[in-house]
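The values are calculated or read from the model by the stated rules, or taken from the named source; none is laboratory data. Just so it is clear, the model here is predicted, and its values are computed rather than measured. With ideal geometry, Cβ positions are generated from the backbone for all residues, glycine too; neighbour counts draw on all protein chains shown. Heavy atoms of the whole protein, side chains included, go into the accessibility calculation; ligands, DNA and RNA do not. Shrake-Rupley method; radii C 1.70, N 1.55, O 1.52, S 1.80 Å.
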Amino acid sequence: MSALRFLGTTDAAKLAGVTSRTMQRWAKQYGLGKKIGGHFRIDPNELQSFLNGDHPHTSIGARSGEIVQ
C-alpha cells in the first residue's frame, strides 16, 4: 500500500498554473487541502478533480483561471 503524498501550496500552484497565494486561497475557500502545522497540504487527486471540474463545489476555466460556480 503506497502512502498518499500531499503537496505544499507552492508545488500545487505550479501544477495548476497559478500563484501560491491563489492556491492558498483555493485551499481555504474550496477545501482542497488540510492545514497541518500552519501550512496547507494539498491532496493531488483532489486538486486534479478541481482542475477537471469534478470538484463538488466548483470548477475553473482551463485557460482563463476563471472560477465557475
Discussion item. Consider region 40-52. How many of its residues are surrounded by fewer than 12 Cβ atoms within 10 Å (Cβ to Cβ) and within 13 Å of Ala12 (Cα to Cα)?
Written reply: 1
Worksheet item: Could you give every pair whose Cβ atoms fall below 9 Å, whose first residue belongs to region 39-66 and is among the small types (Gly, Ala, Ser), and whose second residue is modelled with pLDDT under 75 and open to solvent by 40 Å² or more (accessible area, probe 1.4 Å), counting only separations of at least 6 or pairs across chains?
Response: Ser49/Pro56; Gly53/Ala62; Gly53/Val68; Ser59/Ile67; Ser59/Val68; Ser59/Gln69; Gly61/Ile67; Gly61/Val68
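Per-residue answers, yes or no, for (1) assigned to a helix (DSSP H, G or I); (2) open to solvent by less than 90 Å² (accessible area, probe 1.4 Å); (3) of a type in the set (Asp, Glu); (4) modelled with pLDDT of 90 or more:
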{"residue": "Arg5", "(1), (2), (3), (4)": "no, no, no, no"}
{"residue": "Asp11", "(1), (2), (3), (4)": "yes, yes, yes, yes"}
{"residue": "Leu15", "(1), (2), (3), (4)": "yes, no, no, yes"}
{"residue": "Val18", "(1), (2), (3), (4)": "no, yes, no, yes"}
{"residue": "Arg25", "(1), (2), (3), (4)": "yes, no, no, yes"}
{"residue": "Gln29", "(1), (2), (3), (4)": "yes, no, no, no"}
{"residue": "Asp54", "(1), (2), (3), (4)": "no, no, yes, no"}
{"residue": "Ser64", "(1), (2), (3), (4)": "no, yes, no, no"}
